[in-house]
1. May I ask you to list the residues in the stretch A:27-56 that are farther than 23 Å from A:A146 by Cα and either within 16 Å of ligand 1 (Cβ to nearest atom) or crowded, with 17+ Cβ neighbours inside 10 Å (or both)?
2. Go through (1) within 14 Å of chain A (Cβ to nearest Cβ); (2) modelled with pLDDT of 90 or more; (3) crowded, with 16+ Cβ neighbours inside 10 Å for B:S190 and report which single condition fails.
3. Considering the stretch B:269-312 alone, what residues qualify as being touching a Lys or Arg at 6+ places or on another chain (Cβ under 9 Å) and either assigned to a helix (DSSP H, G or I) or modelled with pLDDT of 75 or more (or both)?
4. Of the residues that make up the stretch A:152-161, is at least one of a type in the set (S, T, Y) and modelled with pLDDT of 90 or more?
5. Kindly list, by first and then second residue, each pair from a residue in the stretch A:10-29 that is in contact (Cβ under 8 Å) with a residue 12 or more places away in the chain and in a loop (DSSP other than H, G, I, E, B) to a residue that is within 16 Å of ligand 2 (Cβ to nearest atom) and of a type in the set (D, E, K, R), limited to pairs with Cβ atoms under 8 Å and residues at least 6 apart or on different chains.
6. Please go through the stretch A:30-44 and give me each residue that is in a loop (DSSP other than H, G, I, E, B) and within 11 Å of chain B (Cβ to nearest Cβ), ordered by number.
7. For the stretch A:45-54, indicate whether the set of residues that are more than 16 Å from ligand 2 (Cβ to nearest atom), aromatic (F, W, Y) and either closer than 26 Å to B:C13 by Cβ or part of a loop (DSSP other than H, G, I, E, B) (or both) is non-empty.
8. Check A:R20 against each of (1) within 10 Å of ligand 1 (Cβ to nearest atom); (2) modelled with pLDDT under 95; (3) under 17 Å from A:A139 (Cα atoms) and name the one condition it does not meet.
Amino acid sequence: MRIVQVKCPSCNSPIYSKQRDQLFYCDKCNVLHTRNGGAEKLDFEIAEFSGSSSGERVFVPFWRLYCSFIIRSKSVEGGHVFRLMSWMKDEDGSGTLFIHIPAADFDPSTFKRLAIDYTVSSPKYRSRLDFGGVRRMPAMMSREEAVELADFVVVTMEAEKPGVLQRLDYSLTVNGSKVVYLPFVMGQSGLTPAL
Amino acid sequence: MADISVGLNCPACGGAVSVVEGESTLLCPYCDSTLFIEGDQGVTTIAFRNKVNREGAMKASRLWWSRGWKARDLKRVGRTIEVYPIYLPFWRAMTRVAGWICGYEIRRHTDSKGRVHEQKVPKEVMVLNDYRFSEIATDPGDLGIRSLRNFSGETSFADFDMIPTFEATTSRDDAVARAKSDAQSRARSSAKVSRVTMERLHVLPRRLSMVYYPVWVVRYTYRDRMYMTTVDGVTGQVLSGRAPGDPLFQSLAITAGTSVGGLAAAVGIIMSSVAAELMIVGLLAGGIILYITYRFFRHGSEIVEGEFKNKPASVSQTIKELQSAARTLQEAYR
Ligand SMILES: [Zn+2]
Ligand SMILES: [Zn+2]
């Protein structure tokens with residue numbers, strides 16, 4: 001077991017932080033990286049807060065996975081509408097969608113709610129270049145874990161439609177990934193989106 | 001699982017930092033440097049500090065002698081001959097399971113006219129949970145220890161020079177595979193879907209560590225026979241042990257077992273005037289009860305607690321077997 005100081009792979013500045021995070025951000029050169037064997041730079045975006053949001057601001061990291069799917073068959077007891085339909089391009093049951101996986105350490109129910117909400121309707125935002133001194137929630141989930149959970153999100157979307165899901169035969173492929181920091185406000189009732 | 005830490009130093013400022021088990025990143029509390037742990041395939045090794053001394057181990061062992069259905073003169077006649085500590089290696093893992101299990105269950109209900117109706121109730125169950133797993137990383141021999149029960153305590157390698165250490169001999173990949181299958185089967189049973197039509201479970205290993213845990217071995221004799229107990233070096237609790245059983249209790253239990261078995265057979269014969277199959281069921285019940293009683297007490301001269309490979313039938317296991325035998329008979333009778 002050996003301990004090393006984390007340095008930016010781009011400018012070699014040490015990364016200082018007050019909170020443990022799997023994603024390392026260099027504010028000198030605006031580079032985000034992670035360590036998985038070696039240092040790996042990540043593609044990322046930061047969404048602008050809406051003007052009206054008041055309260056304690058925080059950026060929440062998400063893995064945005066660009067996925068394609070093919071549905072072969074499905075059966076539901078007492079219902080038939082299904083959600084993947086809205087992303088289907090062809091009659092053959094294939095399509096593409098963005099799956100959003102919250103990367104911060106959330107309890108299972110918050111994790112599920114955020115993942116479903118942002119996957120069902122992809123967030124629209126103007127992006128900004130830096131965090132502007134706003135706190136970032138630390139990421140606790142690797143991209144590999146997020147890819148595993150993409151399937152969970154798809155099945156959850158289908159199961160939460162009316163009726164009881166009995167079978168879903170489909171395949172999902174992750175074609176690309178990006179880290180997206182989405183704006184939230186910490187209130188008394190928890191996290192509120194501030195897009 | 002933030003309850004374990006190991007002392008190390010910050011490479012930037014030299015300050016003492018503590019590593020949370022299984023975590024790959026940490027922060028230096030003095031210079032705010034972000035630090036990364038380059039471990040052996042992401043495995044953190046920790047050791048628990050031994051908190052029990054020789055006297056404590058002997059005391060825990062003697063206390064254990066006087067509990068349960070052990071020989072009543074064990075405390076007077078038993079002689080401790082050897083007491084020593086060892087470090088045992090364990091794999092410890094935290095695994096997250098996320099997914100869905102869909103299917104249905106069949107519910108039966110009887111209406112006022114006595115007709116049985118079957119109803120198919122569809123189910124969809126989400127699974128999203130973290131599961132903890134531990135398993136010994138060496139051949140435990142006759143110690144009766146296979147998994148860890150305690151997960152918190154002071155950690156330090158300070159006792160490593162004094163206490164003999166068992167080498168880890170099982171592979172990391174095997175441990176991860178078993179942790180995954182353990183988490184998966186626990187997730188599956190928590191969903192309680194009896195007929196599964198679709199299962200999509202994702203098993204994500206989150207943390208893996210090698211834990212060296214102090215255990216005291218106490219060997220003793222009772223009427224020229226050797227027995228042993230093991231004592232947890234952190235909590236002071238008895239982990240496993242073998243002890244002579246109480247002869248009086250055994251003979252009482254055998255008498256009870258035999259009479260219940262005989263009674264079941266007798267009832268069967270009396271009832272046979274009503275229906276021939278009742279006699280067969282009764283005889284069968286008697287036979288099974290007698291056999292289980294015999295099987296238990298053939299080894300019954302010894303009381304065994306812990307996770308042994310070839311464990312003689314325990315009291316609770318015997319009761320479970322009797323219950324399942326009763327259930328089988330009930331169903332056969334129906
Ligand atoms: Zn940099
Ligand atoms: Zn430091």
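1. A:D27, A:K28, A:C29, A:N30, A:F49
2. (3)
3. Those that are touching a Lys or Arg at 6+ places or on another chain (Cβ under 9 Å) and either assigned to a helix (DSSP H, G or I) or modelled with pLDDT of 75 or more (or both): B:E302, B:I303, B:V304, B:E305, B:G306, B:E307, B:F308.
4. no
5. A:S13/A:K7
6. Once the filter is applied, which keeps residues that are in a loop (DSSP other than H, G, I, E, B) and within 11 Å of chain B (Cβ to nearest Cβ), the stretch A:30-44 yields only A:G37.
7. The first filter runs over the stretch A:45-54 and keeps only residues more than 16 Å from ligand 2 (Cβ to nearest atom), leaving A:45-54.
Checking the rest, the ones that are also aromatic (F, W, Y) come to A:49.
The next check asks that each one be either closer than 26 Å to B:C13 by Cβ or part of a loop (DSSP other than H, G, I, E, B) (or both); those that pass are A:49.
Yes, some residue in the stretch A:45-54 is more than 16 Å from ligand 2 (Cβ to nearest atom), aromatic (F, W, Y) and either closer than 26 Å to B:C13 by Cβ or part of a loop (DSSP other than H, G, I, E, B) (or both).
8. Of (1) within 10 Å of ligand 1 (Cβ to nearest atom); (2) modelled with pLDDT under 95; (3) under 17 Å from A:A139 (Cα atoms), only one is false for A:R20: (1).
The values are calculated or read from the model by the stated rules, or taken from the named source; none is laboratory data. Computed from a predicted model, the values in this text were never measured in an experiment. Positions of Cβ are backbone-derived with ideal geometry, glycine not excepted, and every protein chain shown enters the neighbour counts.
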